[in-house]
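Asker: Pasting a structure here, questions to come.
The values are calculated or read from the model by the stated rules, or taken from the named source; none is laboratory data. Bear in mind the structure is a predicted one, so any value in this text is a computation, not a measurement. In this analysis, Cβ positions are derived from the backbone assuming ideal geometry, glycine residues included, and neighbour counts consider all displayed protein chains. Heads up: the accessible areas ignore ligands, DNA and RNA and are worked out on the full protein's heavy atoms, side chains in. Shrake-Rupley method; radii C 1.70, N 1.55, O 1.52, S 1.80 Å.
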Amino acid sequence: MIQADLHIHTKYSFDSSIDPKSLVDQLYRHQSIKAIAITDHNTVEGYRKVRELTSAYSDILVIPGIEVGTPLGDLIVLGTDEAPPKPWDVNDLIGFAEEKGAVVIVPHPYREYGLGSSAKLYAVDAIETLNGSTSLHANKLAEGLAREMGLPGVAGSDAHKVDELWTVRNEIQASLNVDEVLKAIKKGLVKPFSTGKSIRF
Ligand SMILES: [Zn+2]
């Protein structure tokens, strides 16, 4: 069992101030969080930087990912260390993820840049039912969507500043291994929970 934050932005996202070095320092010192996914907007550069900084540590897992802006809303692809080819259409992204053995998550479906109920039209793998920078109400709606679609729910802090890191987390039945984590998410072996410090709770 590991604790993981599956939605983090570094300063390689246009709207985040999190420096990869301070992220790695905080992660290394953290008592319970040992796994993070880097999900910068439309780039994997932040992931590459963080990965480079953590390469010396064996007890930390950095999951490659990207939060892609599609015309319908944002989609997170976890398990890719390269950006999907454009144009970023939802079905093309799902096909890209399938080829890579990656996982497609609908982040904050009922917030700005969320897919909303149109997520039901697509073969995504999971719904972000607990987003650290989203209202309780919108997160509840996301839980309902996951239930309706019969999909696992996951948590992500959506941190854009250092003090927003891992405010919400997942307990995942996996070891510190990217493939195991991705498989566990697909199987729903994930339990999202809040630390009570999430941004708008
Ligand atoms: Zn985000």
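Asker: Using DSSP, restrict attention to beta bridges with both residues in the chain and report what percent are antiparallel, rounded to the nearest 5. Walk me through the intermediate numbers first.
Answerer: Details: 17 of 32 bridges.
Among the beta bridges of the chain, antiparallel pairing accounts for roughly 55 percent.
Asker: Determine Rg/Rh for the stretch 1-76; Rg is computed over alpha-carbon atoms and Rh is the Kirkwood hydrodynamic estimate from the same atoms. List each step's numbers first, then the result.
Answerer: Working: Rg = 12.3 Å, Rh = 12.5 Å.
Expressed as Rg/Rh, it is 0.98.
Asker: In addition: In percent, how large is the relative contact order of the stretch 142-185, given Cα pairs closer than 8 Å and 6 or more residues apart?
Answerer: Values: 32 pairs, mean separation 11.2, N = 44.
Averaging sequence separation for qualifying contacts and normalising by length gives 25 percent for the stretch 142-185.
Asker: To the nearest 0.05, what FRET efficiency results for LEU136 and ASN177 with a Förster distance of 30 Å applied to their C-beta separation? Show your work: numbers first, answer last.
Answerer: Numbers: r = 33 Å, r/R0 = 1.10.
The calculated FRET efficiency here is 0.35.
Asker: List, largest first, the extents of the alpha carbons of the stretch 1-160 along their principal axes, each in whole Å.
Answerer: Between the extreme Cα coordinates on each principal axis of the stretch 1-160 lie 42, 34, 30 Å.
Asker: Sticking with this one: Less than 28 Å apart at the alpha-carbon level, and either on another chain or at least 8 residues along: which lysines does that give for LYS49?
Answerer: Qualifying lysines at Cα under 28 Å: LYS11, LYS21, LYS34, LYS86, LYS100, LYS161, LYS183, LYS186, LYS197.
Asker: Comparing GLY156, GLY46, GLY114, which has the greatest mean-square fluctuation in the GNM of the chain with Cα pairs linked when under 10 Å apart?
Answerer: Taking springs between Cα atoms under 10 Å, the residue moving most is GLY114.
Asker: Figure the gain on full extension for VAL162 and MET1 (residue separation times 0.36 nm, minus the Cα-Cα span) and round it to one decimal in nm.
Answerer: Working: separation 161, 0.36 × 161 = 57.96 nm, distance 2.48 nm.
Stretched out fully, the VAL162 to MET1 stretch lengthens by 55.5 nm.
Asker: Also, quick follow-up: May I ask you to rank ARG51, ARG29, ARG111 by accessible area, largest first, using a 1.4 Å probe over the protein chains only?
Answerer: On the way: ARG51 100, ARG29 165, ARG111 70 Å².
Final ranking, largest accessible area leading: ARG29, ARG51, ARG111.
Asker: Heavy atoms only, probe 1.4 Å: what % of the accessible area of the chain goes to carbon and sulfur, would you let me know? Present the calculation step by step, with values, prior to reporting the outcome.
Answerer: Values: 4280 of 8930 Å².
Percent of accessible area from carbon and sulfur atoms in the chain: 48.
Asker: Multiply the residue separation of GLU98 and ASP59 by 0.36 nm, subtract the distance between their alpha-carbon atoms, and state the gained length in nm to one decimal. Display every interim value, and only then the final one.
Answerer: On the way: separation 39, 0.36 × 39 = 14.04 nm, distance 2.80 nm.
Gain on stretching GLU98 to ASP59: 11.2 nm.
Asker: Another question, if that's okay. For the stretch 66-201, state what percent of all Cα-Cα pairs lands in each successive 10 Å bin, counting from 0 Å until the bin that includes the largest distance.
Answerer: 13, 45, 37, 5
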